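The values are calculated or read from the model by the stated rules, or taken from the named source; none is laboratory data. Remember, it's a predicted structure, so these values are computed and weren't measured experimentally. A quick note on method: Cβ atoms are made from the backbone with ideal geometry, for glycine too, and the neighbour counts reach across all protein chains shown. Quick note on the areas: whole protein, heavy atoms, side chains included, nothing else; ligands and nucleic acids left out. Shrake-Rupley method; radii C 1.70, N 1.55, O 1.52, S 1.80 Å.
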Amino acid sequence: MRNSGDGTAGGGPGRSLGKSGPYPLHDGAAHADAADPAPDTIGYRGPTACAAAGITYRQLDYWARTGLVEPSVRPAYGSGTQRLYSFRDVVVLKIVKRFLDTGVALQNIRAAVQHLRDRGFRDLERMTLMSDGATVYECSSPDEVVDLLQGGQGVFGIAVGVVWRDVEAALSQLHGERVDTGETLVGHNPGDELARRRRDRAV
């Protein structure tokens, strides 16, 4: 369980993600994108990202313009340029939406997203994010979730792995776009693409 500020959460060491930053880098993972199994070669346009994350285009645009969740594949450079979001971007969009729905302040969500960005969005699918409505906590094991609940700090949690699978299922019914060729992929499953790229790297 990660905690910043006073260095405690639920009676033990860890880091809360909902207080104002800046955060120190976690385990040297700020540049973890370089260690990702494969670079993002598939992007998702704004309307597709909105559909998969369950948000409006107005929210998407506002979050991009204010730096909350920016498209990591291709930002908008001007009139007529299509933003392209990565699979992980869409997962983070859905996480932000869930926190907003449960009443977490946007300032605290912004701090949490910045922390995840500093970590390079590694191990998202194995993470649980807990919140007491004011602070967001990162838990990486069931024991940490229990400790937080017993301490009376955790009111609700988001199992990021569930969000991950929801986004994967949604995107499998929508269109993706190959970054290198611009080819539209209909009914694209990002998990299939990742598996293919891993096989290609192994050859």
Do we have V136 as more than 17 Å from A53 (Cβ to Cβ), hydrophobic (A, V, I, L, M, F, W, C), in contact with a helix residue (DSSP H, G or I) (Cβ under 9 Å, 6 or more places away or on another chain) and open to solvent by less than 10 Å² (accessible area, probe 1.4 Å) here? yes
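Which ones in region 151-185 are in contact (Cβ under 8 Å) with a residue 60 or more places away in the chain, among the aliphatic types (A, V, I, L, M) and touching a strand residue (DSSP E or B) at 6+ places or on another chain (Cβ under 7 Å)? Walk me through it before giving the result.
Initial filter on region 151-185 (in contact (Cβ under 8 Å) with a residue 60 or more places away in the chain): 151, 153-154, 158, 160, 163-164, 166-168, 170-171, 174-180, 185.
Okay, now just the ones that are also among the aliphatic types (A, V, I, L, M), so 158, 160, 163, 167, 170-171, 174, 179, 185.
Hits for region 151-185 are I158, V160, L171, V179, L185.
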Check on L148, assigned to a strand (DSSP E or B) and in contact (Cβ under 8 Å) with a residue 40 or more places away in the chain: no
Filter the helices (runs of 4 or more DSSP H) completely within region 41-130 down to those with at least 3 residues that are modelled with pLDDT under 85. 106-118
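How about region 107-118: which of its residues are closer than 16 Å to R88 by Cβ, open to solvent by less than 20 Å² (accessible area, probe 1.4 Å) and not small (G, A, S)? Give the derivation first.
Going through region 107-118, the residues closer than 16 Å to R88 by Cβ turn out to be 112-118.
Still in the running and open to solvent by less than 20 Å² (accessible area, probe 1.4 Å): 112-113, 115-116.
Listed by number, the residues that qualify are V113, H115, L116.
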Restricted to region 155-171, and to residues that are open to solvent by less than 50 Å² (accessible area, probe 1.4 Å), out of contact with any Lys or Arg (no Cβ under 8 Å at 6 or more places or on another chain) and not in a helix (DSSP H, G or I), which residue is farthest from R45 (Cα to Cα)? F156
